[in-house]
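*Asks:* Supplied in structure tokens, the structure appears directly below.
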């Protein structure tokens, strides 16, 4: 074999190792995104179960505030339906409405001293508030995980000859869970899949 052949084989081997390394890194990041979403999903399910208890407790005292209670339950149903369909934008919109509804509910509850003194109401309020804070914290971690994955995909595709066509297939599958009314990116089932894991 000539020196040129050895050089060629060495370059091919280096390229294969590079592709395998990038592939494994993307797969690892993809699993990090899935794990981050699973952590949020657990909390969303817990809050989903707690809201009917809160609304039932409030109904005993807030007979004239049915619109406020209905807003919370409608947002809860919309969020769950969107989650089941994998509609990220729908989840984000419903989550925003639910936070607004809960804010209105807690504000209106201030006018009902007996309700505020109810032990069950205090427990559920503290429980749901704690879940909201945990969801917000884990959402930040999820968004960061997706950002890192997007950056790695962009870096890999930036040196790929067919990067434009690859990017159009890969990036829409990576989504950001909407935070504070931010627009969703893409539409995917939960947890968001990465088709091809960076290989086109």
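*Asks:* Listed residues 63, 90, 101; which is surrounded by 12 or more Cβ atoms within 10 Å (Cβ to Cβ) and modelled with pLDDT under 85?
*Replies:* The conditions single out 90.
Conditions tested, residue by residue: (1) surrounded by 14 or more Cβ atoms within 10 Å (Cβ to Cβ); (2) at pLDDT 50 or above; (3) part of a loop (DSSP other than H, G, I, E, B); (4) at negative phi.
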{"residue": "137", "(1), (2), (3), (4)": "no, yes, no, yes"}
{"residue": "149", "(1), (2), (3), (4)": "yes, yes, no, yes"}
{"residue": "161", "(1), (2), (3), (4)": "no, no, yes, yes"}
{"residue": "171", "(1), (2), (3), (4)": "yes, no, no, yes"}
{"residue": "181", "(1), (2), (3), (4)": "no, no, yes, no"}
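*Asks:* Follow-up. Filter region 1-33 down to residues that are touching a residue at least 12 places away in the same chain (Cβ under 8 Å) and either under 24 Å from residue 77 (Cα atoms) or not in a helix (DSSP H, G or I) (or both), then give me how many there are.
*Replies:* 0
*Asks:* If you go through region 44-73, how many residues are in contact (Cβ under 8 Å) with a residue 12 or more places away in the chain and within 16 Å of residue 96 (Cα to Cα)?
*Replies:* Qualifying residue count, region 44-73: 9.
The values are calculated or read from the model by the stated rules, or taken from the named source; none is laboratory data. Quick caveat, the model's predicted, so the values are computed rather than measured. Don't worry about glycine lacking a Cβ; one is built from the backbone with ideal geometry, like all the others, and counts go over all protein chains shown.
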